[in-house]
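Only one structure is covered here, and it is reproduced in the block below.
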Amino acid sequence: MHIKKTLDSLNPHHSPWSISHISQRWQTITLACPMLWSHIALDLDQYETGFSDGLYMFRVGLYLKRPRECDLSISLWSNYCVSEHSVLGLLKATIPQWTDLTINLCPESIKYLTKNSFPVLQRFEINSLIKRKNIFNYHILEIKSYMLQNFAFSTQSTTQCHHCVRVLRQLTSAKRLILRVHKMNNLGLMDRAIIMPCVERLEFKEKKCEGSMARLFNALRLPSLTFLSLMFTKASRSTFPTRFEGSATLMSLHINCDLGHSDNTKLLLRFLTLTPHIMLLRLSTTIIPDDMLCGLTLAEGKKKNSLLLSLHTLEIAPSIPECDVKMFIRMPESRYESGSPGDCRRLERLQFEQPGEFALLDLEDQERWETLCRSLDVFYVF
């Protein structure tokens, strides 16, 4: 469970405290369910001023006892160094139970906290706005999932970009990686690849800085990657990576970009030539141009040179896009028709995120669409 900052674990108006106050019976039920108390969020600055020290320590200690042996999900916020904070002793005693950790702390606090050993930690998210150039070096944990959000890429300091690249180089055991790139000047890659042998899922979001995603992605080596999500800024040119060395294992690809932009269709189709084994493709766009539909349509007699011959599932969000209806229907038809060569997998599922209808659908198109719906699994997600 990912804890948002709106959750205050010591606020009696929030669950599970509020549930326990309904009646004596509900109090008994909540105390008998340790999982209800396994998600803990603390704004350390707020509690420092809002409680007497004795009451504060009592309530935190009481909360930490109720999960008993359950895995814990912890979120901490503070603008100051927490090394001398009174609650740290209580929290550190439960570290062997931490499986999910989100910290919104200053660099000194991150350095202090990450000196500890986290034996069962599976997910670690850092939200930290670093405003100084004297970036520290801290130990990177051997964990399964690591999220970098507003960390090291959040200002224009090239030193911070260098630091974040050093962090990535140390994440040799990470299995899931989420990168949100806001601003980036000199990446400090120094012509040396970033090898991440265990990453299976990569989610990449680019904001404002055109081309930053592609530059970093071109340096990554992801031999175990099976899922990739690329999200670009709306109404902008989407610079896709020009090289991709994880294509042999990649099975699922999610793309969120503005296909209405004049260059993006050509750039996306070029990128799809690097991903021949994709079985699931998700396109998040309100418009699909003719060139894109043509590129995804298998041409008779030229299937070996066509894109995504292994495509099994096509998902489109949010709904039926603005497009040429005849060309759109022809695209899944070409991927379902019998007589496909042995190296071409038939499309089996077409899914739309929301219900919708084609515009200007004539009788012939309606019949073709109904025939296609009887042949394929066509889903609308409500």
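Here, each number is a calculation from the coordinates, and none is a lab measurement. What you see is a predicted model, and the numbers here were worked out from it, not measured in a lab. Virtual Cβ from ideal backbone geometry, glycine too; neighbours counted across all protein chains shown.
Annotations for the structure displayed:
- The Rg/Rh ratio for segment 279-382, using Cα coordinates for both the radius of gyration and the Kirkwood hydrodynamic radius, is 0.93.
- Given charges at beta-carbon only (K, R positive; D, E negative), |dipole| of segment 1-128 in Debye: 360 debye
- Electrostatic dipole magnitude of segment 279-382 [Cβ: Lys, Arg +1; Asp, Glu -1; Cα centre; debye, to 20]: 560 debye
- Over 22 Å (Cα to Cα) - which of 65/92; 175/205; 65/175; 205/234 fall in this group: 65/175
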